[in-house]
Structures are given as structure tokens and as C-alpha cells.
Amino acid sequence: MQLSDFDFDLPEHLIAQHPPAERGGSRLLAALPNSPLRDCTFADLPEFVSAGDLLVFNNTKVMKARLFGQKASGGRVEALVERVLDAHTVLAHVRASKSPKAGAELRFDGGIDAIMEARENELFRLRFSGSLNVYELLERHGKLPLPPYIVRAADDDDDARYQTVYAKHQGAVAAPTAGLHFTDELLDALRGKGVQTAELTLHVGAGTFQPVRGDNIADHKMHSEWFEIPPQTAEAVAQTRARGGKVWAVGTTSLRALESAARSGSLHAGSGDTDIFITPSYRFQVVDRLITNFHLPKSTLLMLVSALAGTAHIREVYRHAVEREYRFFSYGDAMLLGRI
């Protein structure tokens, strides 16, 4: 398929710039197989999930990954931490008038000193000095990185609203946004109905916003992200399969982690990097249902949902969403999809 097969017209005013007034106050478009489209609210989710089904959540936590400062020469520099390597070393995207060379000294706001040790493809390996570990340093002095289509600076409200209520493990530079709709009350209601829950971790990288270049999608190289499937989550999936329940991925990051860990044909616990690229014709091994937000035109995530639910169906879903003025992207509304 060609990149142009995944394009659609999106009015700019539908791109959500702020979260809804209250967490969980979003709309929900139910677009499950063999059912008419239904315009709902996210609070209606328990109607669609059955007792014995399993919801799998990504418990990654967004770091305050953006740092501002200057080079020893005085030129301004901005760093976006992509991956933490150890207590003092990271891989980061660096923006400056001239890229720093190996050995260059950088000083970020807050009196944070770092050395640019080496270039690793498009990323820079930075080593920070001082007694604070990277996570402590970023929490004190970093800024929350909002997606590029949110055209404003992050504020104090974003510090809370751009995290899920179940976020645990720092390491992401973007939120697993389908999870932003969940409240503790909704989770309790689902569990009270007999719905099972499990967690995994996939640290979302800035590459999630990387555009596809070139019209032949087979030529696209996916970014790599670290993930971990705990043994109890692999066991929960196996038990759900045994009792005839459905496995629901909460967000495309949960889906990508589950499918990456099942490339052999069955799901295995463990950790590693994944660059899985899911396009139409992909055969799903684990996921039956998906809760997700609406995605960018021509994006790899639009290709993923087309693989799950069918290209023609996704075109109908997105046409409906635009006509009914659903809010799009990270702070936008959600939809329910099922495997065809």
C-alpha cells in the first residue's frame, strides 16, 4: 500500500490543545466489528467490556525530558532526553545552531552540567555531572515535552493531566494517551464487573511522532522503543484465552508491546527493544480489541489501526469522527476498535 492510502483531511480546529475539563470527560466512538458506529462518552466503556475480558495498560511515566541551556561557546541549546542509559547518561535529541562535537561542555538551566560524549546516529550521548541521578535531575529542572501538534508550552496542569493515573515507571517522552481517559473510579467499575486488568511497560519515544517519508510504506524504518512484559501479564493473557475472554490493549503502545512479545506465535514474558511496524496484512497474535485516540494522517499508527480493523472501516470511522467533530490526538477523544 502507498502512503497516500492513509491520508485524510483534518480541520485544524479539531486538534485538541488542552485536556477535557475533567479526566474521563471525553467522547468515545464505538466502532466494533459487525456493529453500527455509536457515539458515546468514555464513561460508557464498561458496556462494551465483558466479565472475563482482560484490559492491558502501559504503566510508563512521562519524564520531564526537555532541558534548555547553552554550550560553552554561549550558543543556545535544547535537549530532549530519549532514553536513560544509566544513572548519569542518556541518549538525547539536541537542537543547536551547530551540533555539539564529542567532548563539548553543555550547561542547562538549573546549573546542570553535561558532556556530549558521542553521536549515535541522530541521537547524542550526554553524561551529566553531580550527585543527582538522571530522573531526579529531570524532575527538578526539566520541562514536560508536549507533542509537536500542541502549539503551546506545557503548564502545571499538564504535569498531572499528561500522565495516566496508573503511571509508575519513568522513561517515556510521550504519554500512552489512550490511558489518559481512565480514572480510578472507572477502573473500579470495570473490576467490579469482573473485568481483569494487567500492566506492561513500553517507554514511548519521540519517534512516535516521526513522519513517514516516501510513498512506499515498505521503505519506512520504524523507531525503536524499550518494553517489558511481566510474567503475571503473560499469564493473565493465557488465562483469558483459556476462558474465552478477549484481550483489550489500552493504547497502541500496549498493542505494540504485546504483539512484539508474541512474534514467535505465543506471548512470552521478558524485555527488549521493539521496532515492530504493523501494517495491513499483519496477523495479530494477541490483541482482540483496542482502545485508542485518533491518529495523525499518513502516520504509522493510522496504518496500525487499519491493520486491526480494516482499511475501509477505518476510513469510515475517521470520516464519521471528522463530521461529528471529535477531538483528535493526544488530548482528544477515544474510539473502540476490534480485530477483523
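Below is a table of values for the structure above.
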{"quantity": "Filter result (within 12 Å of Ala79 (Cβ to Cβ) and either charged (D, E, K, R) or at pLDDT 95 or above (or both)) within segment 109-122", "calculated": "Asp109, Ala114, Met116"}
{"quantity": "Matching residues, segment 62-79, being surrounded by fewer than 19 Cβ atoms within 10 Å (Cβ to Cβ) and within 29 Å of the chain's Cα centre (by Cα)", "calculated": "Phe68, Glu78"}
{"quantity": "Count of segment 312-338 residues which are surrounded by fewer than 18 Cβ atoms within 10 Å (Cβ to Cβ) and either in contact with a helix residue (DSSP H, G or I) (Cβ under 8 Å, 6 or more places away or on another chain) or not basic (Lys, Arg) (or both)", "calculated": "6"}
{"quantity": "Near pairs, Cβ below 7 angstrom, 6+ apart or cross-chain, from segment 21-35 (at positive phi) to any residue that is surrounded by fewer than 19 Cβ atoms within 10 Å (Cβ to Cβ) and not in a loop (DSSP other than H, G, I, E, B)", "calculated": "Gly24/Ala43; Gly24/Leu186"}
{"quantity": "Output for segment 262-299, where each listed residue is part of a strand (DSSP E or B) and under 19 Å from the mean Cα position of the chain (by Cα)", "calculated": "Ser271, Gly272, Asp273, Thr274, Arg289, Leu290, Ile291, Thr292, Asn293"}
{"quantity": "Of all residues in segment 209-226 being touching a strand residue (DSSP E or B) at 6+ places or on another chain (Cβ under 8 Å) and surrounded by fewer than 20 Cβ atoms within 10 Å (Cβ to Cβ), the one that is nearest to Pro148 (Cα to Cα)", "calculated": "Ser224"}
{"quantity": "Hey, Val49 in contact (Cβ under 8 Å) with a residue 12 or more places away in the chain, of a type in the set (A, V, I, L, M, F, W, C) and part of a strand (DSSP E or B) or not", "calculated": "no"}
{"quantity": "Residue list for segment 73-101, filter: farther than 22 Å from Phe209 by Cβ and either at pLDDT below 95 or not in a loop (DSSP other than H, G, I, E, B) (or both)", "calculated": "Ser73, Gly74, Gly75, Arg76, Thr89, Ser97, Lys98, Pro100, Lys101"}
{"quantity": "Residue match in segment 173-182 (condition: over 27 Å from Glu235 (Cβ atoms), among the β-branched types (Val, Ile, Thr) and touching a His at 6+ places or on another chain (Cβ under 9 Å))", "calculated": "yes"}
{"quantity": "Qualifying residue in segment 158-172 (condition: out of contact with any Pro (no Cβ under 6 Å at 6 or more places or on another chain), farther than 27 Å from Ala238 by Cβ, without any contact (Cβ under 8 Å) to a residue 12 or more places away in the chain and of a type outside the set (A, V, I, L, M))", "calculated": "no"}
{"quantity": "Meets criteria (among the basic types (Lys, Arg), within 25 Å of Val94 (Cβ to Cβ) and more than 22 Å from the chain's Cα centre (by Cα)) for Arg152", "calculated": "no"}
{"quantity": "Candidates Glu316, Glu259, filtered to the one that is under 25 Å from Leu54 (Cβ atoms), in a helix (DSSP H, G or I) and acidic (Asp, Glu)", "calculated": "Glu259"}
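The values are calculated or read from the model by the stated rules, or taken from the named source; none is laboratory data. No experiment lies behind these values; they were computed from the predicted model shown. Counting neighbours? That spans all protein chains shown, and the Cβs are built from the backbone with ideal geometry, glycine included.
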